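A short worksheet on the structure shown next.
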Amino acid sequence: MLNPDRFLADLHHLRTFGASGVGRGVVRPAYSGPDVAARRWLAQRMSDAGLQVAVDAMGNLFGLADGPSLLLGSHSDSQPEGGWLDGALGVVAALEIARACRESGGPSVSVVSFQDEEGRFGVTTGSAVWSGQLTQAEADNLTDHQGLSLGSARQIMRDMITGDVDPGRFTGFIEMHIEQGPALDAAGEQIGVVSDIVGIRDMNITFSGRQNHAGTTPMHLRQDAFQAVSAFNTALNDQFRNVVTPQTVWTIGHVSLHPNASSIVPGRATFSMQWRDADANRLERMEKIIRETALATADARRMQVSFGRLLGLDPVAMDDRLCGALEQAADAVAPKRWRKMPSGALHDATNVSRLLPVAMLFVPSLKGISHAFDEDTMEDDLVAGLRVLDLAVRNPATQDRP
Ligand code: HGY
Ligand code: MN
Ligand code: MN
């Protein structure tokens, strides 16, 4: 029997791994001590539920049902400052449904917690490798902002690895997640059935100028890398004007100045440039503008610019059959309080759609806040999402082989 109390208790237990001490926030980046401890605990819970635990070389953690099964789940790693529900909700809901299905003789359900969804090393790295978007060797060469390679970081999980998990054993994938935006909360609705997931591009850019004394170097002689970042940002916002829509977003979220000291004109600035849109062509046009604007900014200051590896995922649509089952379930659990909506956040479901039919459902995020310690969702909404997922899984339409 579906047990919402057990589901909520597990969800609260998971947030004790890497608890930030601020509200319900967590600090549980991929391959950190708290991330691995959380994965060990989840593996035990999967095993207790009668699922066979499997961990691949990336550290993706599976709880496998016997024979062909539907796969449910998400990720349990967090942003450097993360909320307690982003990813965790989908994993723990999957665990509860797999457990309830086994107890009640329901359909076969397997569970997954993908590794590095939050992109410490890339973009949804664990599911990108599992789905063949990225090879393990390519992933191993990715580095975090401190220069640590994924290949080194993943050694922390080497004793847990059991081997590859064949995607052929799964019939489809459903990911439950918090919305992470304001739409459902503002409308007082309980459930979002995702129509499609936006695409993303992500690239590091470095301006190299001349490190020098901050007191003696006249302003007109400086090649100041921070000034270049600032000028680039202003020019880019202007250049994008005729290309973007109100749904397009772009972010400089990480900046590293060298040597990062008050009395030194910075000689080098490396920053992350990320942009997202539902239209792959627009993403490409934006890339061209980004490169041209960066080159023009560097030229105007007699500086150099270099571009890191372009990472990204294209927009994807959800599977009609699985969406239909979620819509029916949403109608039963939250009549007139659900909608079909696109996802502006990225999810493992994007990668998995290369292999399997996929669908997603959302529950509201209070005030639309996520990727922050104060991310939260009303308990009633968490349970409503669990019930929708459970009904959808038990719908015979979901059980059909693709
Ligand atoms: O960044 C994202 O959209 C996701 O939360 N990793
Ligand atoms: Mn997430
Ligand atoms: Mn996230």
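The values are calculated or read from the model by the stated rules, or taken from the named source; none is laboratory data. The model shown is predicted, which means the values in this text are computed figures rather than measured ones. Ideal geometry is used to build each Cβ from the backbone, glycine not excepted, and the neighbour counts take in all protein chains shown. The area values use the complete protein model at the heavy-atom level, side chains included, leaving out ligands, DNA and RNA. Shrake-Rupley method; radii C 1.70, N 1.55, O 1.52, S 1.80 Å.
Just a few scattered comments:
- Among residues of the stretch 276-304, those that are among the charged types (D, E, K, R) and either open to solvent by less than 40 Å² (accessible area, probe 1.4 Å) or part of a helix (DSSP H, G or I) (or both), counted: 9
- Residue check for V393: in a helix (DSSP H, G or I) and under 29 Å from G23 (Cα atoms): no
- Taking the criterion of being more than 14 Å from G59 (Cα to Cα) and not basic (K, R), the residues of the stretch 15-33 that qualify are T16, F17, G18, A19, S20, G21, V22, G23, G25, V26, V27.
- I205 being away from ligand 1 (no atom under 16 Å from the Cβ) and at pLDDT 95 or above: yes
- Flag for D5 being farther than 19 Å from F170 by Cβ, in contact with an Asp or Glu (Cβ under 9 Å, 6 or more places away or on another chain) and in a helix (DSSP H, G or I): no
- Flag for K336 being away from ligand 2 (no atom under 15 Å from the Cβ), not in a loop (DSSP other than H, G, I, E, B) and not hydrophobic (A, V, I, L, M, F, W, C): no
- Flag if I174 is open to solvent by less than 30 Å² (accessible area, probe 1.4 Å), within 16 Å of ligand 2 (Cβ to nearest atom) and more than 14 Å from the chain's Cα centre (by Cα): yes
- Unmet requirement for E189, which otherwise passes all of (1) touching a Lys or Arg at 6+ places or on another chain (Cβ under 7 Å); (2) in a helix (DSSP H, G or I): (2)
- Counting only helices (runs of 4 or more DSSP H) that sit wholly inside the stretch 55-154, not one has at least 2 residues that are within 16 Å of ligand 3 (Cβ to nearest atom) and open to solvent by 20 Å² or more (accessible area, probe 1.4 Å).
- Scanning the stretch 75-129 for residues that are among the aromatic types (F, W, Y) and within 10 Å of ligand 2 (Cβ to nearest atom) turns up just one, F114.
- Filtered residue count, the stretch 241-275, keeping only those that are open to solvent by 80 Å² or more (accessible area, probe 1.4 Å), out of contact with any His (no Cβ under 7 Å at 6 or more places or on another chain) and in contact (Cβ under 8 Å) with a residue 60 or more places away in the chain: 1
- If only residues of the stretch 167-200 that are farther than 18 Å from E117 by Cα and among the β-branched types (V, I, T) are counted, the one that is nearest to ligand 1 (Cβ to nearest atom) is V194.
- For the stretch 213-233, the set of residues classified as open to solvent by less than 90 Å² (accessible area, probe 1.4 Å) and either without any contact (Cβ under 8 Å) to a residue 40 or more places away in the chain or touching a helix residue (DSSP H, G or I) at 6+ places or on another chain (Cβ under 8 Å) (or both) consists of P218, A228, S230, A231, F232, N233, listed by residue number.
- Among the residues of the stretch 243-260, those identified as assigned to a loop (DSSP other than H, G, I, E, B) and either modelled with pLDDT under 95 or on the phi < 0 side of the Ramachandran plot (or both) are V243, V244, T245, P246, Q247, T248, I252, G253, H254, P259.
- Of everything listed in (1) within 15 Å of ligand 2 (Cβ to nearest atom); (2) more than 30 Å from F271 (Cα to Cα), the single unmet condition for N351 is (2).
- Which listed residue, of H213, H220, is away from ligand 2 (no atom under 16 Å from the Cβ), touching a strand residue (DSSP E or B) at 6+ places or on another chain (Cβ under 9 Å) and over 30 Å from W84 (Cα atoms): H213
- Close Cβ contacts (under 7 Å, 6 or more residues apart or on different chains) running from residues in the stretch 6-21 that are closer than 20 Å to V383 by Cα to residues that are part of a loop (DSSP other than H, G, I, E, B) comprise L14/S76; R15/R24; R15/W84.
- Residue in the stretch 108-116 that is more than 15 Å from G63 (Cβ to Cβ) and of a type in the set (S, T, N, Q) present: no
- Of the residues making up the stretch 347-363, those that are within 16 Å of ligand 3 (Cβ to nearest atom) and either over 27 Å from D166 (Cα atoms) or surrounded by fewer than 22 Cβ atoms within 10 Å (Cβ to Cβ) (or both) are F362, V363.
- Entry remark, the stretch 373-402: residues being open to solvent by 10 Å² or more (accessible area, probe 1.4 Å) and closer than 19 Å to S108 by Cβ number 10 in total.
- Restricting the stretch 305-321 to residues that are under 23 Å from A231 (Cα atoms), in a strand (DSSP E or B) and of a type outside the set (G, A, S) leaves a set whose member that is most open to solvent (accessible area, probe 1.4 Å) is F307.
- Test for V333: is it open to solvent by 20 Å² or more (accessible area, probe 1.4 Å) and touching a Gly at 6+ places or on another chain (Cβ under 9 Å): yes
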